[in-house]
1. Any idea which of (1) at pLDDT 95 or above; (2) surrounded by fewer than 22 Cβ atoms within 10 Å (Cβ to Cβ) is the one H21 doesn't satisfy?
2. What's the total number of residues in segment 128-162 that are more than 21 Å from D225 (Cα to Cα), aliphatic (A, V, I, L, M) and assigned to a loop (DSSP other than H, G, I, E, B)?
3. What do you reckon, is A220 in contact with an Asp or Glu (Cβ under 8 Å, 6 or more places away or on another chain) and outside the structural domain of L107 (by TED's automatic domain parsing)?
4. Condition (residue is part of a loop (DSSP other than H, G, I, E, B) and closer than 25 Å to S262 by Cα) applied to segment 320-334: is it met by at least one residue?
5. Out of (1) in contact (Cβ under 8 Å) with a residue 40 or more places away in the chain; (2) outside any loop (DSSP other than H, G, I, E, B), what's the single condition that is false for N304?
6. Contact list please: Cβ distance under 8 Å, first residue in segment 82-110 and closer than 13 Å to V129 by Cα, second residue in a helix (DSSP H, G or I) and of a type outside the set (A, V, I, L, M, F, W, C), pairs at least six apart or on different chains.
7. From the list K325, K279, K292, which one is at pLDDT 95 or above and within 19 Å of R231 (Cβ to Cβ)?
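The values are calculated or read from the model by the stated rules, or taken from the named source; none is laboratory data. From a predicted model like this one, the values you see are computed outputs, not experimental measurements. Every residue, glycine among them, receives a Cβ derived from its backbone with ideal geometry; neighbour counts consider all protein chains shown.
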Amino acid sequence: MNSAKNAPNQAKLTPNLGLKHRNSFGLDSTAELAYEITSADQLPALMKELGDKKLAWRTLGGGSNVILPESLPGATLLINILGQDLVKSDDANSWLEVGAGVNWHELVAWTLEHNIPGFENLALIPGTVGAAPIQNIGAYGVEIGEYIDSIEAFDSAAHAFVTLPQEACQFSYRDSYFKQNPNRLIVTKVVFKIPKAWQARLQYADLAKQFSESNLNPSAKQIFDAVCAIRSKKLPDPKVIGNAGSFFQNPIVNTEQCEQLSKQFPNLVSYPDDNGKRKLAAGWLIDQCGFKGKRVGPVGVYENQALVLVNHGSGTSTDILNLAKSIQEAVLGKFGVELEIEPNIF
């Protein structure tokens, strides 16, 4: 084989790349040096170069869970590694290998087309596969961490590729080892282990209500369609109005605090947590503070879902974060509960 073909290809460099269409908030942001990563083998040489030049760097996937400043100095690595394959299957499980740049929702649809149910509750979550484990994305009672077998990543500290098994990823609610150690590991591939013993998961009220009016035992595809319908009704399309989906995490409190709040606020919305605590509905808390539908200059709170902050067109990261701070202060003052921002602030 020609040795030139064996040499790792170089990442494409675009200086001063505008990222308005690479972030779902639609924020005007310019990357000083944007590198398109289409293959994991581009990373070792590039990361050595950035290290030698002492350049700041960060990775960007679909940009659906980020708040970008007007300028990103140094290097921005655009992760566009594609490909998904069913690599192994036995009587109990299916194993999928998926590139970090694959669109998450498109992967969910692909699994159902190939009769591999399990991800349907996570339909229509924006972003890429590589970003999914960092945030440990979740919806309607399912978190992606439970389906991850291992993750391949480039360790910028060791300057080597590493494979992390599920237990090393330290998954918890909207958290992971990757999130706790930012700018160290660049996810290149995710291996999913999906049990074949499938069961519909309908414990969340919106989904349960969708199927309660009949004796229907829904299929994975019917749940997928229902989740898409519910999310589309609640959440604005980023192509129409800039947003990053749920902006705050649902706060987790102990049962005593939840009981005290329920006495004071009888309509308090909460759900049981896996660790015996209670998860409060952040959207309900924000709504009770009068922010639902409120507009502050070029940004605001979505009229149909108080958990979503929106950019009406010309907002900046500063505008969004100032509004978020006002909401956090109001919720803390009224309920004594701290709200944590979900998107990554660059």
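1. (1)
2. Here the count works out to 3.
3. Numbers: in contact with an Asp or Glu (Cβ under 8 Å, 6 or more places away or on another chain): yes; outside the structural domain of L107 (by TED's automatic domain parsing): yes.
Spelling it out, A220 is indeed in contact with an Asp or Glu (Cβ under 8 Å, 6 or more places away or on another chain) and outside the structural domain of L107 (by TED's automatic domain parsing).
4. No, there is no match, as no residue in segment 320-334 is part of a loop (DSSP other than H, G, I, E, B) and closer than 25 Å to S262 by Cα.
5. (2)
6. Listed by first residue and then by second, the contacts come to L96/T111; V108/E120.
7. K292
Here's the yes/no breakdown for (1) in contact with a strand residue (DSSP E or B) (Cβ under 6 Å, 6 or more places away or on another chain); (2) under 24 Å from Q203 (Cβ atoms):
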position	(1), (2)
V240	no, no
K263	no, no
K279	yes, yes
V299	yes, no
H312	no, no
G315	yes, no
I327	no, no
E338	no, no
